[in-house]
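J.: A single structure is presented below for examination.
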Amino acid sequence: MDDNLELPLAPVDPAGFQIRFAPPHQLVDRVTPERDLFLIAHLGIARVDVASWRLAIGGLVERPRELSFEEIRRMPKRTVESFHQCPGDPKNHRDAKRLVGNVVWGGVDLAELLANAGIRPDAKYLWAYGLDSGAYEGLGAGNFQKDMPLARLSEGGVLLAYEINGAPLPPERGYPLRLIIPGYYGTNDVKWLCRLQLADRRAGSVFTTTLYNDPDDEAPGKIRPVWEAPPESAIVSPVPKSVLARAPAEIWGWAWGARGIARVEVSTDGGATWAAATLEPRAQWSWQRFTFDWMPPGSGEFLLQARAVDSGGTVQKPSQARNAVHCVAITVRE
Ligand SMILES: Nc1nc2c(c(=O)[nH]1)N[C@H]1C(S)=C(S)[C@@H](COP(=O)(O)O)O[C@H]1N2
Ligand SMILES: [Mo]
């Protein structure tokens with residue numbers, strides 16, 4: 001097991017960084033339609049010929065193997081509902097981008113597949129490789145690569161997905177197969193998978209070392225891979241800059257995080273005071289809808305904010321973070 005594997009590549013078209021997204025106030029659906037879901041590709045969109053495509057499984061496994069798409073389709077199909085979120089800037093953990101959605105993924109269970117291959121006791125990490133290659137911000141990258149601690153498998157839900165919201169994965173989403181790690185930021189969900197490698201250490205690619213590693217607030221001087229998503233929320237309604245009549249209004253939005261959200265609080269006075277919103281429970285790793293009934297106390301400008309607290313008691317950061325509180329400025333007229 002090393003970093004010098006001979007890996008296949010697919011043509012990328014278009015090449016280079018790709019991004020599209022809708023702002024939070026457009027995310028009105030519980031399950032985000034594929035056309036509204038943000039899209040990110042660092043190196044370009046890989047175009048894969050499924051007939052010759054294989055998934056290789058190697059490294060610290062008892063029985064290395066190669067699977068065709070047909071063989072994967074014959075395995076039991078699982079579905080997982082999960083929030084899906086880009087962490088934002090690979091190097092700037094003080095910036096919140098709110099590129100997020102909620103998706104029902106369909107595919108095969110990674111834990112089952114690896115159990116069939118036999119995980120060796122010294123294996124600690126999964127390395128996942130995509131078929132895309134190129135350069136990102138001047139950094140040459142061979143195949144896109146991410147890693148995941150194998151300990152994550154015990155929580156369940158990790159998929160090799162070939163469906164998004166019941167439809168086949170489109171080319172831009174990773175056709176024919178991508179990794180989905182519910183609860184982790186979407187950057188770890190390698191698209192256009194070609195190889196899974198089990199290893200005793202973290203992977204050494206640009207995307208697992210230079211990029212997507214944040215300073216660890218709890219351990220100064222240490223870094224922390226951008227894996228589990230901390231608690232976060234976004235306001236869907238009212239829409240930023242809207243003008244409301246002075247009448248009862250509903251503030252609502254979505255809250256999500258790796259550990260599930262226990263409560264959401266809303267502030268309508270720019271963060272001076274906070275009150276509990278009504279929050280629905282989560283289904284698998286889904287985002288959770290919150291609602292807050294508000295009677296504007298008068299006319300004028302108002303700053304609306306929501307903050308999520310997860311089941312471990314971690315509070316969404318007020319500012320200067322990937323999960324910084326979302327602020328929506330509105331006007332109320334008599
Ligand atoms: N092979 C490959 N997988 C990838 C990426 C990539 O550039 N190449 N980008 C990652 C990032 S940063 C994000 S946020 C998600 C985006 O997935 P989506 O475009 O389906 O929303 O894919 C991840 N998987
Ligand atoms: Mo991303």
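J.: Take the Cα gyration tensor of the chain, multiply each eigenvalue by 5, square-root it, and list the three semi-axes largest first, rounded to whole angstrom.
T.: For the chain, the semi-axes come out at 38, 20, 19 Å.
J.: Please list log₁₀ I(q)/I(0) at q = 0.22 Å⁻¹ for region 232-333, using the Debye equation with identical point scatterers on the alpha-carbon positions.
T.: So the normalised log intensities are -1.11.
J.: Which order do the peptides 116-123, 308-315, 36-43 take when ranked by the mean count of other beta-carbon atoms within 10 Å per residue, highest first?
T.: Top to bottom by mean Cβ count within 10 Å: 36-43, 308-315, 116-123.
J.: Within 12 Å, Cβ to Cβ, of Phe302, how many net charges do the neighbouring residues add up to if Lys/Arg are +1 and Asp/Glu are -1?
T.: It works out to a net charge of +1.
J.: In addition: Give me the number: length gained by fully extending Asp29 to Glu112, i.e. 0.36 nm times residue separation minus the C-alpha to C-alpha distance, one decimal in nm.
T.: 26.7 nm
J.: Which net charge results for the neighbourhood of Ser311, defined as the other residues with beta-carbon distances under 10 angstrom from its beta-carbon, given Lys and Arg at +1 and Asp and Glu at -1?
T.: Counting the neighbours of Ser311, the net charge comes to +2.
J.: Still on this structure: What percentage of the solvent-accessible surface of the chain, computed with a 1.4 Å probe over protein heavy atoms, is contributed by carbon and sulfur atoms?
T.: That fraction is 50 percent.
J.: Find out how many positive minus negative residues lie around Ala229, taking Lys and Arg as positive, Asp and Glu as negative, among other residues whose Cβ is under 10 Å from that of Ala229.
T.: -1
J.: Considering only protein heavy atoms, with the full assembly of protein chains and a 1.4 angstrom probe, order Met148, Met295 by accessible area, largest first.
T.: Met295, Met148
J.: Over region 1-48, what relative contact order in percent results from Cα pairs under 8 Å that are six or more residues apart?
T.: 53 percent
J.: Based on the Cα atoms of region 184-268, what semi-axes does the equivalent ellipsoid have, where each is the square root of 5 times one gyration tensor eigenvalue, given in whole Å with the largest first?
T.: In descending order, the three semi-axes are 38, 16, 12 Å.
J.: Any aspartates and glutamates with Cα under 16 Å of the Lys97 Cα? List them, leaving off those in the same chain fewer than 8 positions away.
T.: The reachable aspartates and glutamates, counting only those whose Cα sits under 16 Å from Lys97, are Asp36, Asp89, Asp214, Glu232.
J.: Still on this structure, please answer the following. Let me check against my output: what whole-number percent is the relative contact order of the chain, with C-alpha pairs under 8 Å and at least 6 apart?
T.: The value is 18 percent.
J.: Can you run phi through the Karplus equation (6.51, -1.76, 1.60; θ = phi - 60°) for region 319-334 and list ³J(HN,Hα) in whole Hz, with x for Gly and Pro?
T.: 3J(HN,Hα) across region 319-334, in whole Hz: 6, 6, 7, 4, 9, 4, 3, 7, 10, 10, 8, 9, 10, 10, 10, 4.
J.: I would also like to ask the following. Which whole-number percent gives the relative contact order of region 232-333, counting Cα pairs below 8 Å spaced six or more residues apart?
T.: Dividing the mean separation by the residue count of region 232-333 yields 38 percent.
J.: On to the next question. Taking θ = phi - 60°, what integer Hz values does the Karplus form 6.51 cos²θ - 1.76 cosθ + 1.60 yield along region 135-146, in sequence order, with x for Gly and Pro?
T.: For region 135-146, the Karplus-derived couplings read 10, 10, 6, x, 8, x, 10, x, 5, 3, 9, 9 Hz, x marking Gly and Pro.
J.: Which of Leu113, Leu37, Val48 sits closest to the plus end of the dipole of region 12-225, meaning its Cα is farthest towards the positive end, when Lys and Arg get +1 and Asp and Glu get -1 on the C-beta?
T.: Positive-end residue among those listed: Leu113.
J.: Helix-derived [θ] at 222 nm for the chain: sum -39500 (n - 2.57) over DSSP H runs of at least 4, divide by residue count, nearest 500?
T.: -1000 deg cm²/dmol
J.: Could you tell me what % of all Cα pairs in region 57-157 have separations over 18 Å?
T.: 65 percent
J.: Taking the alpha-carbon distance from Lys124 and a cut-off under 28 Å, which lysines remain once sequence neighbours fewer than 8 residues away in the same chain are dropped?
T.: Once the sequence-local lysines are set aside, what remains near Lys124 is Lys77, Lys91, Lys146, Lys191, Lys222.
J.: Could you size up the charge dipole of region 232-333 around its Cα centre, putting +1 on the beta carbon of Lys and Arg and -1 on that of Asp and Glu, and report it in debye to the nearest 20?
T.: In debye, rounded to 20, region 232-333 gives about 180.
The values are calculated or read from the model by the stated rules, or taken from the named source; none is laboratory data. Source: prediction; values computed, not measured. Note that each Cβ is placed from the backbone with ideal geometry, even for glycine, and that neighbours are counted across all protein chains shown. Surface accessibility is based on the protein's heavy atoms, side chains included, excluding ligands, DNA and RNA. Shrake-Rupley method; radii C 1.70, N 1.55, O 1.52, S 1.80 Å.
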